[in-house]
2 protein chains.
Amino acid sequence: MEGRDLALLTDLYELTMMQGYFETGSYKKQVVFDLFYRKNPSGNGYAIAAGLQQAIEYIRNLRFTEDDITYLEGLGLFSADFIDYLRDFRFTGEIYAIPEGTVVFPHEPLMRVKAPIVEAQLVETALLNIINHQSLIATKAARVVWSAQGDPVMEFGLRRAQGPDAGTLGARAAVIGGCCGTSNVLTGKQFGVPVKGTHAHSWVMSFPDELTAFREYARLFPDACLLLVDTYNTLESGVPNAIKVFKEMQAKGIELKNYGIRLDSGDLAYLSKKAKAMLEEAGFADAVISASSDLDENLIASLKLQGAKISLWGVGTKLITSDDCPAFGGVYKLAAEEDENGKFIPKIKLSNNPEKVTNPGIKKVFRIYEKSTGKIKADLIALDDETIDETKPLAIYDSNAKWKNMRLEPGTYRVRELLVPVFIDGKQVYESPATMDIQAYCNQEKASLWDEHLRLNNPHIVPVDLSDKLTQLKTKLIDNMSKR
Amino acid sequence: MEGRDLALLTDLYELTMMQGYFETGSYKKQVVFDLFYRKNPSGNGYAIAAGLQQAIEYIRNLRFTEDDITYLEGLGLFSADFIDYLRDFRFTGEIYAIPEGTVVFPHEPLMRVKAPIVEAQLVETALLNIINHQSLIATKAARVVWSAQGDPVMEFGLRRAQGPDAGTLGARAAVIGGCCGTSNVLTGKQFGVPVKGTHAHSWVMSFPDELTAFREYARLFPDACLLLVDTYNTLESGVPNAIKVFKEMQAKGIELKNYGIRLDSGDLAYLSKKAKAMLEEAGFADAVISASSDLDENLIASLKLQGAKISLWGVGTKLITSDDCPAFGGVYKLAAEEDENGKFIPKIKLSNNPEKVTNPGIKKVFRIYEKSTGKIKADLIALDDETIDETKPLAIYDSNAKWKNMRLEPGTYRVRELLVPVFIDGKQVYESPATMDIQAYCNQEKASLWDEHLRLNNPHIVPVDLSDKLTQLKTKLIDNMSKR
């Protein structure tokens, strides 16, 4: 986001509402918005928070250029006073967020914005855009990586991504979610993540024959010689030619490491088993067999079940677009606002759909771990002034099913707060870790889930409870609203 | 794309292959690549080509900055000579493309790149990324707009788009496909398209009550007073309060135009009919009833069938992500290459899947219209040196079903070539029209299809024939390959 003018990356209604607040004189009123989501994508048991670094860059760079101002004036919608106000616009508020790579659950504030209403309103659309996108792809990547059961997974989707950012930031998110690298060179440069790749069919086609193409590739890249074997006929031409070239390399005394083949079409279960047998028989049992053909977590799981001999997975389209669920569904809802005395009044949004009723007030999120295993027992959404006394027993209810409860004895559990300060009084107070460090942290996070939460289908759901105080507040506000 | 350094927006293998061609000395060999797709998205009967303007900007700006060079050197994969070559890299080739907004069909080259292989290879990934994304969204928008049967459709999806570009360029593509405008202000600024919007639930929640919120909004925006009525209770609170405010505006002598309500949740068929009756009874029969709640073309079609009283549609998530089909599937395949004598040799890629066998040679696309109706009869993919003599009868076969053929008599048909020159010798020779002009052209294009091609499900398919000469060439190359 650095160096890009994104002040206008917003829905028009944010600007018309800003002018509304400006004209009514209420624009400096402090409010609190929560950014949260309601449902894990792809039927997953959790999501991976991602995109915070770009959200920070967006906030830090947020100002209206002369170009932006001229455009807005030309729309004929805005008053001269309001336009003048925009000229000096800066974000002056406070943001708390859950760090990238954290395992998160529905209804938890991933981000909490406390700012004058005119500022908090502007940033809604861009923050949702950035966090929704990267959390979606990081979560999808976690699913794909889970299905590969320890095999490395590469992100290969740039050509099918929804535009340059979707390719570049999507690859970043995929790496956070567990991919070992990407084909996207720009992501490699911008975020210091490993870039990988071999060659395309066009390489093979541009030589008189496949064997010559393979020989040339091996000569040029002896240390990373992964040969694409399906241009003409995988088992009758591609694999035999690859074996011939590996033998020639051996004969020349080249140490074979990081070498093998790539399958990009056909029946990957059958072809990989046949290719493995041919490679083994020729003495190349350690050759990598990589595959890349419209893969997703379900296809990888099926190939694993069929005993496919694939040791490196290249996943493109269906990962970079989150094919089965291409949107994350994060929302940004008013939770509290300051009254004339500077006191924050909790706010609630009702809905006929109980899932859509918001949690009022300024909130925090506690994560409760089982000490003996380090695994997550539950999350607890509480009001910001609440604390948990770890010397006392802790009762946890599933907020969706109050009869399901557990009592944790002192000494058996540990508590951590998930939201950390990112901006205070408009100043950035949080530095994003390097992407590969976020990946390492995310791996720990996934390890804090039980196997039953990690599986692809019908996962066990981690209980997310509301504190007694928050539950009482919510009930009271719902009652008040209903009476009106 | 202007001003962005996108030289590294590419898969690593493009660069390793480039170095390969460079080291083998073949890097200046002229080749021809076709960018085409194999299947219309979402079961549609056609696609809308889009993204050419950004593809042009990418090509025009294409150079490696010192930063890029330093990064590539650091990878330890590339020779000093090759890195030196990259320092002065410019695209020097020729590009033909089908203009944006054109109705296109599978297997037609949307873009034809003729350039030294080292250049043609580099641009593959970025061109696919840009064209795939925007063609996808323009096509989805055309479906959504078709289902609205003449009602205006707004693009509202920025917050759920896959990153900033997906939001901004996606909104551009949606407008090309037929949306009357977007909520995305950045798209409005960059591409001169109408921006629209009203207010959010937070506006209503930030006032003591709904009526006050509506009154303030009406006072501030009397000329575009669309009130969101579902914050508390649509029929018992929202619509009555909106009617009260419209009456107050009337009493003040304000001319009511461009006013109405927005429904954002609940049963849109039921609520819109009830709201319409209430508005009519109060004398506001011309009030706009707009709706925006997880809409797509199927839901709009269903609401139309149910007689929903909605006159303006705001479509977000499912349009901006092309929810049911989030990737376009365009590919970039070698079609010809120069031999030592400067003659272009046609190239083919075989596959076990007949759909995946490529069309060899340097090609063009003829579109054949029925003169009496102006409607498309068929497309014909031919070799570049072929012409159609309109004074003679024209026989057209469906290339997927040779027994389905038609004979067009002279005077009854008209022929147009779809590919136009965009770059010649590395110089841009084509100026992109303004986005709204592309939309107007796209509307004409859609009007050149028969109703049976336009419908959402099981559309009639326009025949795309291969010329006799191309068919013979393809057959010969397949035979040669099979013999090897």
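Here are the numbers:
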| item | result |
| --- | --- |
| Amide proton proximity set for B:Thr198, modelled H, under 5 Å, gap of 5+ | A:Tyr13 |
| Across the identical copies, how the A:Arg38 labels are spaced - nm, sorted shortest first, 7 Å along Cα→Cβ | 3.8 |
| Where only C-alpha atoms are counted, convex hull volume of the range A:198-289 per residue in Å³ | 81 |
| Violating pairs (Cα-Cα greater than 22 angstrom) within the set B:Lys273/B:Lys304; A:Lys189/B:Lys28; A:Lys140/A:Lys273 | A:Lys189/B:Lys28; A:Lys140/A:Lys273 |
| Calculated FRET efficiency for the pair B:Asn353/A:Glu452, C-beta based, R₀ 51 Å, to 0.05 | 0.85 |
| For the range B:97-149 versus the range B:190-228, the gap between their alpha-carbon centres in whole angstrom | 37 |
| As computed over the range A:403-472, the Cα convex hull volume per residue (Å³) | 199 |
| Integer Hz, Karplus 6.51/-1.76/1.60 couplings in order for the range A:173-178, x for Gly and Pro | 5, 5, 5, 4, x, x |
| Relative contact order of the range A:198-289, defined on C-alpha pairs under 8 angstrom at six or more residues apart (%) | 28 |
| Most to least accessible of B:Glu2, A:Glu297 (protein chains only, probe 1.4 Å) | B:Glu2, A:Glu297 |
| Whole-Å distance, taken between Cα centres, linking the range A:400-468 and the range A:1-54 | 22 |
| Sulfur and carbon atoms: percent of accessible area, chain B [1.4 Å] | 49 |
| Residue-by-residue Karplus 3J(HN,Hα) for the range A:368-376, coefficients 6.51, -1.76, 1.60, Hz, glycine and proline x | 10, 9, 7, 5, 5, 10, x, 8, 6 |
| Accessible area, probe 1.4 Å, largest first, for residues A:His107, B:His460, B:His201 | B:His460, A:His107, B:His201 |
| B:Thr24 versus A:Glu280: modelled label distance in nm, points set 7 Å from Cα along the beta carbon direction | 3.3 |
| Inter-copy label distances at A:Lys343 (7 Å, Cα→Cβ; nm, one decimal) | 9.2 |
| Sequence-distant residues sharing a close amide H with B:Leu226 (under 5 Å, placed H) | B:Gly260 |
| Value of relative contact order over the range B:1-88, rounded to a whole percent, pairs C-alpha under 8 Å and six or more apart | 46 |
| Cα gyration tensor, the range A:268-386 - rounded (a/c under 1.5), prolate or oblate | prolate |
| 3J(HN,Hα) from dihedral phi, the range A:139-148, Karplus parametrisation 6.51/-1.76/1.60, rounded to Hz, x for glycine, proline | 5, 4, 4, 4, 5, 4, 5, 4, 5, 7 |
| Stokes-Einstein D (µm²/s) once Rh is taken as the Kirkwood radius of chain A over alpha-carbon pairs, at 20 °C in 1.002 mPa s | 86 |
| Cα centroid separation - the range A:255-279 against the range B:321-357, whole Å | 24 |
| The protein assembly as shown, helix-only ellipticity at 222 nm - DSSP H runs n ≥ 4, -39,500 (n - 2.57), divided by all residues, nearest 500 | -11000 deg cm²/dmol |
| For A:Met205, solvent-accessible area (1.4 Å; no DNA, RNA or ligand), Å² | 10 |
| Value of relative contact order over chain A, rounded to a whole percent, pairs C-alpha under 8 Å and six or more apart | 20 |
| Accessible-area order (highest first, 1.4 angstrom probe) of the listed residues A:Phe64, B:Phe156 | B:Phe156, A:Phe64 |
| Partner lysines for B:Lys252 [C-alpha distance under 24 Å; skip if fewer than 8 residues away on the same chain] | B:Lys244, B:Lys276 |
| Nitroxide proxy distance, nm - points 7 Å out along Cα→Cβ at B:Lys343 and A:Lys343 | 9.2 |
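The values are calculated or read from the model by the stated rules, or taken from the named source; none is laboratory data. Please read these numbers as outputs of a predicted model, since none were measured by experiment. Every residue, glycine as well, gets a Cβ built from its backbone with ideal geometry; the counts of neighbours run over all protein chains shown. These accessible areas exclude ligands, DNA and RNA; they are computed on the full protein's heavy atoms, side chains included. Shrake-Rupley method; radii C 1.70, N 1.55, O 1.52, S 1.80 Å.
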